[in-house]
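What follows draws every value from the coordinates through simple rules; no lab data is involved. Values in this document were obtained by computation on a predicted structure and should not be read as measured data. Cβ: placed from backbone, ideal geometry, glycine included. Neighbour counts: every protein chain shown.
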Amino acid sequence: MLYKIFESQRTLMEPFADFAQATAKLYSNPMSPFSKTSLGQRVSAGYDLIYRLGKDYVKPEFGIKSIDVDGVEIAIHERIEMNKPFCELRRFKRFSDDTKTLAKIKGQPVVLIVAPLSGHYATLLRDTVKTMLKEHKVYITDWRNARLVPLSEGEFHLDDYVNYVQEFIRYLQDHYGNCHVISVCQPTVLVLAAVSLMASRGEKIPLSMTMMGGPIDATKSPTAVNNLAMNKSYNWFENNVIYRVPENFPGAGRRVYPGFLQHSGFVAMNPDRHLKSHYDYFKDLIKGDDANAEAHRHFYDEYNAVLDMDADYYLETINTVFQEFKLVRGTWEVKSPEGVMELVRPQDIRNIGLITIEGELDDISGSGQTQAAHKLCTGLPREIMDHLEVKGAGHYGIFSGRRWRDVVYPIVKEFIARHNKAHPASAKATKPKLAKAATKSVATKHATVKSSPSKASAKKASRSAK
């Protein structure tokens, strides 16, 4: 019923939002005498803000048309490589007329970026993709809005996510020989499970795993997000946040965790910050600060665009990751596409590079949660495992923005190169080489790299998370 009420309200608000947008344009039009007055500028700014607050936010585009590599413009063609009911595997294929550039990019590492299915669209990783494209062949999981998936496509469970990841990895292995995997936030848990199952079966596994800001062990430095999932029962979530999709969508009747409820939760975490941001936007419009106003629009076009998650997937994530901690306790079993239950055993993983990355100020995945992967992967020697804590970075800062581009990416790039079998010279690089590169990054960009933290550093990280 709540979903239907929300949709009715949204439908009623749509003409008012359109009116606000038209009025804002009328008062700001250079041909209008009102645009020259202080009152006209305030009226225009006020209606523009009303429009932004009331409009319907649709899925953004990646919009990566080209990148610059050493002064050469490389065209980017975005296309769907695999089309699954709940996910599309997208490729960002690079083209160039420059023969030297073409020869250079041909042999570069293949990277699968596994985007989170936790509210926002995969386009939230646009900056991650665009940066990686300079030295890598990039693919990304683009998860579908569950309300657009017809009931005839069946249910979507946590096991299905794991099986999708394995299928995508095998697809890239078939085409390129092998690949590297980067998981951001929530999918760190599922990627670790997928690779563990492949290793247990004796399958070929990726050359490296980069895990960024994810709840591998949510018991460590729990955040407000973790506490909510831990303190409410499974039945509470099922009874309070799960609704059926209304009739006006392709997925009518599907049980989902609606995007509008997720968005309310996002805003409720930092209401003061959002209120100040909108007020600053209003002032920027009055002052004519187009750059800051456009930055605000760009951020909230992404932030306010949310998708519905299938109820089974969402509830099983809550139970498996945040309530029973099945991965770290060694009790997680995943059903294969053939219906066989398989135990997730990270200790079976061999011969793969592993780097975990955390933000010092991450308020979604607390300190030590991602690094916990090191203790689970007991079959990996310490010299091929690394950890990076990015000073001053929050959750989004480790995969988007200046710190991602200047601090995190250079280390990730070097790590992938070392473990790429197409670069034998790099693959033989020793542990001190990464430590040296990381130390230089620390000095210039305020990052910290460590292989196994001391007790003192662990306590310090715990205090910063609190």
Output ordering of 267-276, 93-102 (per-residue mean of other Cβ within 10 Å, highest first) is 93-102, 267-276
Exposure-ranked with fewest Cβ neighbours within 10 Å first, ILE318, ILE352 stand as ILE352, ILE318
HN-Hα couplings for the range 54-61 via Karplus (6.51, -1.76, 1.60; θ = phi - 60°), in whole Hz with x for Gly/Pro, come out as x, 6, 8, 9, 9, 4, x, 9
Quick calc: nm separation of the 7 Å Cα→Cβ label points for ILE5 and GLU73 -> 5.2
Counting only DSSP beta bridges with both partners in the chain, the antiparallel fraction in percent, to the nearest 5, comes to 55
Amide H neighbours of ASP386 at under 5 Å, excluding residues fewer than 5 places away on the same chain, with H built from the backbone geometry, are LEU354, ILE355, THR356
Sorted by chain and then number, the residues having a modelled amide H within less than 5 Å of the amide H of CYS87, at least 5 places away or on another chain, are ARG144
One finds the C-alpha centres of the range 82-97 and the range 234-261 to be spaced, in Å, by 29
Scalar couplings 3J(HN,Hα) for the range 260-268 by Karplus 6.51 cos²θ - 1.76 cosθ + 1.60 (θ = phi - 60°), nearest whole Hz, x for Gly and Pro, are 5, 6, 4, 4, 4, x, 4, 5, 5
Its Cα gyration tensor gives the range 121-161 an equivalent ellipsoid whose semi-axes in whole Å, largest first, are 28, 11, 8
Note, the range 320-337: 3J(HN,Hα) by Karplus (6.51, -1.76, 1.60, θ = phi - 60°), whole Hz, Gly/Pro = x, goes 6, 8, 10, 10, 9, 6, 5, 5, 6, 8, x, 10, 7, 10, 10, 8, 6, x
The summed charge of the ARG126 Cβ neighbourhood (under 13 Å; Lys/Arg +1, Asp/Glu -1) stands at -1
Exposed GluC sites (Glu not before Pro) being those in a DSSP loop with at most 16 other Cβ atoms within 10 Å, the longest stretch of the chain free of them is 339-466
So the pair-distance distribution of the chain, from every Cα-Cα distance in 20 Å bins, comes to percents of 22, 55, 21, 1
Per-residue Cβ contact counts at 10 Å, fewest first, order ASP308, ASP363 as ASP363, ASP308
The pairs in LYS25/LYS283; LYS4/LYS84; LYS137/LYS391; LYS204/LYS335; LYS25/LYS55 lying past 22 Å Cα-Cα in this model are LYS4/LYS84; LYS137/LYS391
Long-range amide H partners of GLY394, meaning residues 5 or more apart or on another chain whose placed amide H is closer than 5 Å, are LEU361
Here the range 89-144 gives, from Cα atoms, an Rg and Dmax in Å of 12.7, 42
